[in-house]
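The values are calculated or read from the model by the stated rules, or taken from the named source; none is laboratory data. What you see is a predicted model, and the numbers here were worked out from it, not measured in a lab. Cβ: placed from backbone, ideal geometry, glycine included. Neighbour counts: every protein chain shown.
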Amino acid sequence: MRNVIDGALVITLLVCIGFHLWGRFPHEIVGTIMLACFIIHNVLNIKWYKNIFKGKYTAMRWLFTATLLLVLADALVLMWSSMVISHHVFTFLPPLGPRRLARFLHTFSAYWGLVLMSFHLGLHWIKFTNMLKIREMSQTSRKMLKLFGLIICAYGIFAFIDRGCIDYITLVTPRVSIATGETTLKFYADMLAIMGAGIFLGNGLTGYLIHRNRKSKSV
């Protein structure tokens, strides 16, 4: 159940971030589905919230907790802004704030959501590598996979900068710039590469912390 919901969150975010490809009404419908998935995700993980002030905090736990709280804060901003600027789904609601501010924050939180969710996936990527039995592969195969991941990460960072995403996450502009004639395939290849970069960096940081912890215990 959790894996299905998590997968749905990633897919709906990718669909929503391609607003220019699908139009306003489908965007709002899929965004509402994403909101429902996010609520279900948090209900399924309610135990984590109950234990947040319990136990010892290691560097790994601080990283996981900070990332999750940032994802939560970002999702709340995304939800609020979507309700304020809605033209279809949430028009029955009374005014919830200034629309101009909401437009800026909607783009801001959407692209921060892409970054944070990708990084969060990266923190848990070891679960996927264990499922695929990466460690049982030959050393050459593992090196090739790391090189492939590094190439995706490098291109993802390039795409993030080239598409002006830095302007979106720093509130410079709420208007997403799309190259004339760009195909759906090119757009989503870039978005997946950006996600890949976040996953690669999150997984790399997790690996570093695990290695450092093992090294300190062996001393």
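Odds and ends about this structure:
- Single match in Met191, Met144 (criterion: farther than 17 Å from Tyr111 by Cα and out of contact with any Ser or Thr (no Cβ under 9 Å at 6 or more places or on another chain)): Met144
- Thr58 being more than 25 Å from Met195 (Cα to Cα), among the β-branched types (Val, Ile, Thr), exposed (fewer than 13 other Cβ atoms within 10 Å of the Cβ) and in contact (Cβ under 8 Å) with a residue 24 or more places away in the chain: yes
- The residues on offer are Thr170, Thr180, and the sole one that is of a type in the set (Ser, Thr, Tyr) and at pLDDT 85 or above is Thr170.
- Residue match in segment 206-214 (condition: hydroxyl-bearing (Ser, Thr, Tyr), in a helix (DSSP H, G or I) and in contact (Cβ under 8 Å) with a residue 60 or more places away in the chain): yes
- Segment 5-33, residues that are free of Cβ contacts under 8 Å to residues at least 24 places away in the same chain and hydrophobic (A, V, I, L, M, F, W, C): Ile11, Val15, Trp22, Val30
- Counting the residues of segment 109-148 that are more than 30 Å from Val172 (Cβ to Cβ) and assigned to a helix (DSSP H, G or I) gives 20.
- One residue stands out in segment 121-156 among those that are buried (at least 17 other Cβ atoms within 10 Å of the Cβ) and either at pLDDT 95 or above or in contact with a Phe, Trp or Tyr (Cβ under 7 Å, 6 or more places away or on another chain) (or both): the one that is farthest from Leu78 (Cα to Cα), namely Gly149.
- Check on Ala36, more than 16 Å from the chain's Cα centre (by Cα) and either surrounded by 13 or more Cβ atoms within 10 Å (Cβ to Cβ) or free of Cβ contacts under 8 Å to residues at least 60 places away in the same chain (or both): yes
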